[in-house]
Every structure is written in C-alpha cells, then in structure tokens.
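Let me begin by presenting the structure, written as structure tokens, before commenting on it.
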Amino acid sequence: MGGTIIRTIKQNCRRCYTCVRDCPAKAIRIEDGQAFVVDERCIACGNCTMVCSQNAKAYLSGTERALWLLKEERAKVAALLAPSFPAGFAEPAGQVVGAFKAAGFDYVVEVAQGADLVSRAYKTYLEANPTGLHIATACPAVAEYVRKYHPELTGNLVPIVSPMVATALAVRELFGQDVHCVFVGPCVAKKAEARDAGVPRVIDEVLTLQEAHKLLAERGVDPATAAPAGWDEPVAGRARVFPLPGGLLESAGLDRGMLDPEVLVVSGQDDTIEVLDSLGTADTGKTLLVEALMCNGCYCGRASAPPSPVCCASVAWENTWPTAGASRPAGLLPTWPASKSCRWRAPTRATTSAARSRATTRSARSSRIPTSSSPKTSSTAAPAAIRPAAPRPSPCTPAWPRRPCACRS
C-alpha cells in the first residue's frame, strides 16, 4: 500500500514474540532474536502495536506534519473525524469539535457523511450487480489482505472508495481544492491508504486518536474544557453506525440483514481471516456480499486507547509520501444530499478499553519462546512463499503511530 507504516524499536524488543503469534498476516520475521515487520507481507492493521507489552512496535507518526499544516497560513485545514471518534474521547461531540477548532482547524467534518455517500453507492452497485461475490472495501486491512494473500479474489473487491476519501472529496468540492484534509480515527491502516499512489491524493495526513490527543496537547487545548461548537458541512446522517459490525448494511438501507444467508458480516482478525481464506474453497457460491472488519468494529481500532509513553527519538524516521501518480477514479459516488441531522448513541470509551485490555492481558501472560543460538534468522513464512500483490481494479480503493513522548511529559 503506502510503504513502511510499522517499525520495530530495537532497544525495546525483548524476545517475547507476542507479535509473531498474533500477526494475522504472518508478517513478522525474527532476525538476531528481534522481531521485524516484513513490509511486503504487512497489511498495516496495527495489531502488533497493540499486543506488544514492551512497546517495541510503533507506527508512522502523523503529528509533526499535521502541526506543520496548522502553522501554515496560506491554506485552510479540515479535520475529518471518523464516526468511531467517541472511542477516544469521553467528552460530548460538541466539545470535541470545539477542541479541534480551538487547535486551529478551520473546518471539522464528520466522516460519517462520506459513509452516507459510500453506503448509497454500495446499494446502487449491488442492485446493478445482483449476482456473484462482492467483498466490501471499507476496511483497508481487509482489502490489502485480499490483494496480498488471495489475489484471485482481487476482482471481487467492490470498486467504491472508502468513507475517508469520499469525505475529503466532498470537503474539497465545497471549500476548494486547496483545503488540506487531516483524517482522525482509530485505524492505523488508514495511514497506508493515504500514502497509496493508487488512491486519489485528497488526504494530507492521518492522525490516530492517540495522536489527536497529542496534537491537542501541543496546541494547548484540553477537550474537557473546550467550548462546544457545531459540525461543518456536509453533515452526516444515518451512516454514523457505519463503524459497527453490519453498519454498512444498516446505513445503506439494503433489504438484507445480518441473518441473510447471502450476506456474511464478520469482525475480528481471527474470524475475518478464516472467512477470507475460505471464500475460494468452502464458499458455496451463494454469498453475495462479505462485510468484514479486521478489528471488532472500528471503535475497537488498534490506536484508540490511551497510548504508552515511548521516547520520540527511538521511533523517529522520515515521514515520506509517494510521488503523485495517476489518480484513481473516485468510484461510484453520487453527490451528497441536503443536510440532515440524526440522533445517535456511540460506543463508549469503557467498551473500547475493556476490549483492548483483554488483548493486553493476553499479551502479558504469553509464555516466552526460547531462542536457538544456531540459526540467527527465522521467519513466520519463507521468503519464497511471499506472493506479490495482485493488480488492483482501476476504480477500487481500500481504505489507510507513534506514541506520545515520555520525554516531554
């Protein structure tokens, strides 16, 4: 997708190998007793950054670039908040919006509005293609897993952009093409999508919820005391449920539910991998749509809980972006409708923390694997077994940390 997103902090890696056991893509290789990410196999799901009890895995930081954009006075900056943002903030939505505006963002927009566009596009697409297998591409880690490990299914990926990209396209059409768009959400894989040369270059930076707190602190803003503010256009509708398992079906208004035998709704890396691996063999040919999420819902994203302190000097590397290539078409996106409001109840932060604490507890209790002194290099998969990513269908796009620094606290 977008190059190196996750790296190993060598001085923290202590041979526990938890990341090796829990990597859904088997993208961790052991070299000289330390676990390194194999970029060619990595799907940027960020699971290793969550389960590592030694804080030895870090994702690419977006804080520095976002701060630089806010300091530039020549262009407007928009914060695109994922519909799962309540997983990282205990404050009401209005105060969160006010905090980002106080931090210097000119516009604060709900990505749920882009999810509205995407949901309607899915409905149109499925009505036009009522047969065959279709794999939803809203989860970037799922789409990348299919491309790298099941290239024969690449043609089954639905050719519709992600809500993140759809929202950025709408924002730039409303406020001008020179608006800088910064996505804020709990997904590490969004960083890879934003840097993917095959995706429309409309996202300037991606912040995880962890990084969002760091940015607000750097700008001297406390969400708990921020003055409430309203969302900017375009306003979201029913797609605020999009990050929930089955949220696509609900927000698209399809005449199908989670119990429909032609629809597979699955979440969590173990179940998702099992379903994707079985599509080419165990599938009876009656499956119409697979709505899969690598996490247990986007509100349980790998970078939604409060981060562990890691010194910035130990995880610093160049934050590079690919050179601009041929932009991928925007896909089946209609124009957005008239603004509508919707009352909703989002998952609480306690729900997310409980799910992540279970994973952390499992990591801490994992038994250590003894290392052999003879072979210095081993891997979860032989290099020869690494298959190149399959070509992507032209209009299709999947979707895309660094931790706060202890030395600044």
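Coordinate-derived values only; no laboratory data. This one's a predicted model, so the numbers in the text were calculated from it and none came from an experiment. Cβ: placed from backbone, ideal geometry, glycine included. Neighbour counts: every protein chain shown.
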Q: Compute the label zone of ASP260 within region 110-141: residues whose backbone N is under 15 Å from the point 7 Å along Cα-to-Cβ.
A: 119-136
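Stick to the Cα atoms of region 161-279, pair each with every other, and give me the Kirkwood hydrodynamic radius in Å at one decimal. Show your work: numbers first, answer last.
Values: mean 1/r = 0.0582 Å⁻¹.
About 17.2 Å, per the Kirkwood formula over Cα pairs.
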Q. If you rank VAL221, VAL199, VAL111 by fewest surrounding Cβ atoms within 10 Å, what's the result?
A. VAL221, VAL199, VAL111
Q) Roughly what would the spin-label model give for ASP270 and ASP32, points 7 Å off Cα along C-beta, in nm? A) 3.5
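Normalise the Cα radius of gyration of region 79-238 by 2.2 N^0.38 Å (N = residues in it) and let me know the number.
1.10
Using a 10 Å cut-off around each Cβ, can you sort GLU73, GLU218 from fewest to most neighbouring Cβ atoms?
Numbers: GLU73 5, GLU218 16.
Taking fewest neighbouring Cβ atoms as first place, the list is GLU73, GLU218.
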Q. Got a sec to turn the phi values of region 176-186 into Karplus ³J(HN,Hα) couplings, 6.51 cos²θ - 1.76 cosθ + 1.60 with θ = phi - 60°, whole Hz, x for Gly and Pro?
A. x, 6, 8, 6, 8, 10, 10, 7, 10, x, x
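Quick check on my link table: of LYS26/LYS191; LYS190/LYS214; LYS10/LYS148, which ones sit more than 23 Å apart, alpha carbon to alpha carbon?
Values: LYS26/LYS191 20 Å; LYS190/LYS214 18 Å; LYS10/LYS148 27 Å.
Check vs 23 Å cut-off fails for LYS10/LYS148.
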Q) So for the pair ASP106, ARG14, with labels modelled 7 Å out along Cα→Cβ, what separation do we get in nm? A) 4.8
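Want the number for GLU152 to ASP39: 0.36 nm per residue separation, take away the alpha-carbon distance, what's left?
Values: separation 113, 0.36 × 113 = 40.68 nm, distance 2.09 nm.
Between GLU152 and ASP39, full extension yields an extra 38.6 nm.
With 10 angstrom as the radius, rank LEU216, LEU248 by how many other C-beta atoms surround their C-beta, starting from the fewest.
On the way: LEU216 19, LEU248 28.
Neighbour counts put them in this order, fewest first: LEU216, LEU248.
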Q: Give the cross-link partners of LYS286 among the aspartates and glutamates, using a straight C-alpha distance below 15 Å as the criterion and excluding same-chain residues fewer than 8 apart.
A: ASP260, GLU262
Q: State the extension gain, in nm to one decimal, for the chain segment bounded by ASP222 and GLU173, taking 0.36 nm per residue of separation less the distance between their alpha-carbons.
A: 14.5 nm
